[in-house]
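The structure appears right after this line, and notes come after that.
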């Protein structure tokens, strides 16, 4: 990388746009934005940049423009700073809005769930109104009781304001009442067909034998569903739709089924469980929701639920369907995560390998970054792939200013320092843009040990620059002082990070399940629970400091 050329083009651009005078801060900002890997080398880059900027500022405005045209003509176009990151207006808003999020308490929320939470919260805060958290817990086999506590905690961390919580397992009698009315209206029926046979009939646009049986026979079978006469899968309540509908998924759908699995909250009190299309339609109506945000994969469910609305003459909410999101490089399946925890593949729900919000929180990802990501993604119908790179860019903008810098050496190799009679002192800033925070001092005396990363020796260098200290020559296990002239960087000498002999053991938990073990400068032990940058390595959150400093990988 030709650092001098990168600095020169941005110095020329800054000078051309601002009356012939480039400034250090503006130029370095552009350089670091384009090459974030240079941030750990900010001091060296600043020294180099000063001479380049002085040279550029000595040129006439015409000469500056001509030089920029030669090296980077694309930079002559000013960037537009305007970005419309607001969500589009909702349709049909009259007064306040009433919206909901509807998690299944099968475990904590993950990054995919956060989209639903953030978008609903953004709109309720914009228009005023009510945001419900509705636990959809009508599948007893899928419930993790801890979800009733972890999900509200996740929503609170996201900054989502919940005005009222509704739990569907408290509302079974309501669902039964509506289902019974559907039977009485002739809009539903009790079906005792084998499920495969029933599905085959409706796929061929044919009715089963129970669809048009008299009400008195329907009610007898209704009662038998509750008294134990039928076993699971032997009977269900089916809502009638249009058997000639071109989409087989919209034709008659199951609304209640029998399940003898004990419920974590209600035990064996109920055995007839509503399925989501019945319970959701009823609750959305009774909660008087004005708008329902959901993924495009729920489009068939919307059409099914509209039949229930129309049968009772209820006013439909405004439905907004956004595109699907595929999230790569993260485990999001709640059942697989739960099994992985039981099998020891993951330590807990906040394991860094997982895509849960608990994991994001543990790693030091800020909720504001997640919120910004979903607001900028918006509610478009197009399917998208989640970009971890974009999320981490947003997060870096939030944490970089507050993240102090420290040295960490992974897979350390020990050298004995020599070549000088006096002790050397490295004074490294806690943050290159905040001199007021002070410096970290690391001392190296003749005969002392210095550790560097084994990876920095892969090309068998004979000379290196120890960041913020000096230049050295390497001979076997010795490190020999070779002055402090920065011009060696132009000769291709690499800057490396290092730690002195009094370094402390440190480890970093990575997102692939591995652990990076190494040594860190002693002052890192003072950064407990802070997000810091281990220079040339990554941003990390310092989770514990005793007996070993344990950090959790945030991102690069």
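Throughout, read-outs are computed from the coordinates displayed, never taken from laboratory work. These numbers were taken from a predicted model, which means no experiment stands behind them. As a convention, Cβ positions derive from the backbone with ideal geometry for all residues, glycine included, and neighbour counts pool all protein chains shown.
Between 0 and 90 degrees, rounded to the nearest ten: what's the tilt of helix 299-312 against the longest Cα principal axis of the chain?
Between helix and principal axis, roughly 40 degrees.
Segment 437-507 to segment 115-177: how many Å between their Cα centroids?
Rounded to whole Å, the Cα centres lie 54 Å apart.
Per 0.36 nm of contour for each residue apart, how much would the distance between residue 294 and residue 528 grow if the chain were fully extended, relative to their Cα-Cα spacing? List each step's numbers first, then the result.
Working: separation 234, 0.36 × 234 = 84.24 nm, distance 3.99 nm.
Working it through step by step, the gained length comes to 80.3 nm.
Taking other Cβ within 10 Å of each residue's Cβ, how do 162, 341 sort, fewest first?
On the way: 162 19, 341 16.
Ascending Cβ contact count within 10 Å gives the list 341, 162.
Using the Kirkwood radius over C-alpha pairs as Rh, can you work out the diffusion coefficient of segment 425-469 via Stokes-Einstein at 20 °C, viscosity 1.002 mPa s, in µm² per second? Could the numbers behind the result be given before it?
Details: Rh = 12.7 Å.
So the translational diffusion coefficient is about 169 µm²/s.
Using only the alpha-carbon atoms, how far is helix 42-57 inclined from the longest principal axis of the chain? Give it as 0 to 90 degrees, nearest 10.
70 degrees
Kindly provide the Kirkwood hydrodynamic radius of segment 171-274 in Å, to one decimal, from all pairs of distinct alpha carbon atoms. Walk me through the numbers before you get to the answer.
On the way: mean 1/r = 0.0707 Å⁻¹.
Answer for segment 171-274: a Kirkwood hydrodynamic radius of 14.1 Å.
In whole Å, what is the distance between the alpha-carbon centres of segment 264-282 and segment 228-255?
The two parts, judged by their Cα centres, are 16 Å apart.
For segment 403-556, what proportion of DSSP beta bridges, expressed in % and rounded to the nearest 5, is antiparallel?
On the way: 40 of 51 bridges.
Taking every DSSP beta bridge with both residues in segment 403-556, the antiparallel ones total about 80 percent.
Kindly put 463, 98 in sequence by how many other C-beta atoms sit within 10 Å of each C-beta, fewest to most. Can you show the working numbers first?
On the way: 463 15, 98 21.
Going from least to most buried by this count: 463, 98.
Taking the beta-carbon count within 10 Å as an exposure proxy, list 37, 4, 521 from fewest neighbours to most.
Numbers: 37 10, 4 14, 521 25.
Result, fewest neighbours first: 37, 4, 521.
Pull out a ≥ b ≥ c, the square roots of the eigenvalues of the alpha-carbon gyration tensor of segment 434-513, then state rounded if a/c is under 1.5, prolate if not and a/b is larger than b/c, and oblate in the remaining case.
Values: a/c = 1.41, a/b = 1.19, b/c = 1.19.
Taking the square roots of the gyration eigenvalues as a ≥ b ≥ c, segment 434-513 is rounded.
For segment 473-556, count all C-alpha to C-alpha pairs, find those more than 18 Å apart, and express that count as a whole percent of the total. Mind showing how you got there, number by number?
Values: 1810 of 3486 pairs.
In whole percent, the share of Cα-Cα pairs in segment 473-556 beyond 18 Å is 52.
Mind checking the angle between helix 147-158 and the chain's longest principal axis? C-alpha axes, 0 to 90 degrees, to the nearest 10.
With rounding to tens, the tilt is 50 degrees.
Does the chain come out rounded, prolate or oblate, given a ≥ b ≥ c as the square roots of the eigenvalues of its C-alpha gyration tensor, rounded meaning a/c under 1.5 and, failing that, prolate meaning a/b above b/c?
Values: a/c = 3.45, a/b = 2.15, b/c = 1.60.
Verdict is prolate for the chain.
Per-residue ellipticity at 222 nm for the chain, helices alone: DSSP H runs ≥ 4 residues times -39500 (n - 2.57), over residue total, nearest 500 deg cm²/dmol? Don't skip to the end; give the middle numbers.
On the way: 15 runs with 180 residues, N = 556.
Taking each H run of at least 4 residues, the total per residue is -10000 deg cm²/dmol.
Taking the DSSP beta bridges in the chain as the whole, what percent of them are antiparallel, to the nearest 5? Can you show the working numbers first?
Values: 53 of 81 bridges.
Of all bridge pairs located within the chain, approximately 65 percent are antiparallel.
Hey, what's the Cα Rg ratio for segment 403-556 versus the globular rule of thumb, 2.2 N^0.38 Å? Walk me through the numbers before you get to the answer.
Details: Rg = 15.3 Å, N = 154, 2.2 N^0.38 = 14.9 Å.
Scaled against compact globular proteins, the figure is 1.02.
Could you state the number of Å between the C-alpha centres of segment 3-55 and segment 348-416?
27 Å
Assuming a ≥ b ≥ c are the square roots of the Cα gyration tensor eigenvalues, decide whether segment 255-348 counts as rounded (a/c under 1.5), prolate (otherwise, with a/b larger than b/c) or oblate.
Numbers: a/c = 2.96, a/b = 1.37, b/c = 2.17.
Taking the square roots of the gyration eigenvalues as a ≥ b ≥ c, segment 255-348 is oblate.
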